[in-house]
Amino acid sequence: MEGSMKNLNIVKYLRQFAIGLSMGAADLVPGVSGGTVAFISGIYEDLLGSIATVTSEVPQLALKGKIKEAWEKIPFGFLVPLAFGMATSILLLSHTLEMLLEKQPVLIWSFFFGLVLSSIFIVRKTVKKWNAKLYLSMVIGAIATYIVVGMVPVMTPATPLAFFLSGMVAICAMILPGISGSFLLVIMGKYEQVLAAVNDRDFLTVIYVGFGAIFGLVLFSRLLKFLLKNYHNVTIAALVGVLIGSLRKVWPWKIAATQQNLIPEFSIELLAAIFLMVLGAIVVTGITKLGSRARQS
């Protein structure tokens, strides 16, 4: 009996690790969100709850001197495999994805388009009955996201406050399905600056961004948890809209100079792109089943 429980835990940890791998890969691409993967895999609300616990209850207990109670509150079995999977994915895939996006952008974006498109239908099914209020919430989410992802990148000053705010905004987007934190860094003119700070070992700048990320995570995860608890269907409808709006960014065919979307002409590449869209949809289905089994175990 004890051996079977250990095997069950190992399988559970491996599933969390696999979901983490997928989330890390998604967060690497400006336009795709790890939050989308968390949502379709069925761990999204658990993730928000775990973050809220670690960022609020644990510090409060620690400040009261209740170190043991604080330690026991941390859901290591949930967060550690997930974080390890994300870190592994980022370390192993960052250079490969960068190379593929440069050499085969249409094919790579086609895969991610299929992933996001199929996610819309899966997330939509989590709301059983749709009404006018929910459709309005979805439309507002779609329009707002469509506008955001179409914004032209701007330059912002390289000041501590600017880095703090960019970290806060980026981390919020990373846990929000449909919006990429790295893409918002691009919009704010901070993507290259932050990347350079990491490569140049500019630890002070990294700390500013890190503190902003922690602050944003504390606020936004608790807000999302509150919304999902008290306004579940309206929040889900808005998140479906966010996914719909984000399709503007991941559309594979663009004018190189302006990055405006265009309709492709028939070609062998188009057939390959459609195949990869279907493959993306299959991957999403697999992640969804993985999450369903994880919840049942």
For Trp253, residues with placed amide H under 5 Å, excluding near neighbours: Leu262
Extended-chain gain in nm, criterion 0.36 nm per residue less alpha-carbon gap, Tyr135 and Gln260: 42.2 nm
Three-way shape call for the stretch 94-145 based on the alpha-carbon gyration tensor, with the a/c threshold at 1.5: prolate
Of the DSSP H helices in the chain, those whose Cα atoms cover at least 24 Å axially and whose Kyte score averages -0.5 or more: 2-27, 76-103, 105-124, 132-149, 203-230, 232-250, 268-296
Cα-based convex hull, the chain, per residue volume (Å³, whole number): 161
Helix-derived mean residue ellipticity, 222 nm - over the chain, DSSP H n ≥ 4, -39500 (n - 2.57), to 500: -25500 deg cm²/dmol
Links that overshoot a 28 Å alpha carbon limit, given the list Lys125/Lys229; Lys12/Lys73; Lys190/Lys289; Lys73/Lys249; Lys73/Lys190: Lys190/Lys289; Lys73/Lys249; Lys73/Lys190
Contact order normalised by residue count of the chain, Cα under 8 Å, 6+ apart, percent: 31
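A short reminder: the numbers here are calculations on the coordinates, not readings from a lab. Please read all numbers here as calculations on a predicted model, not as lab measurements.
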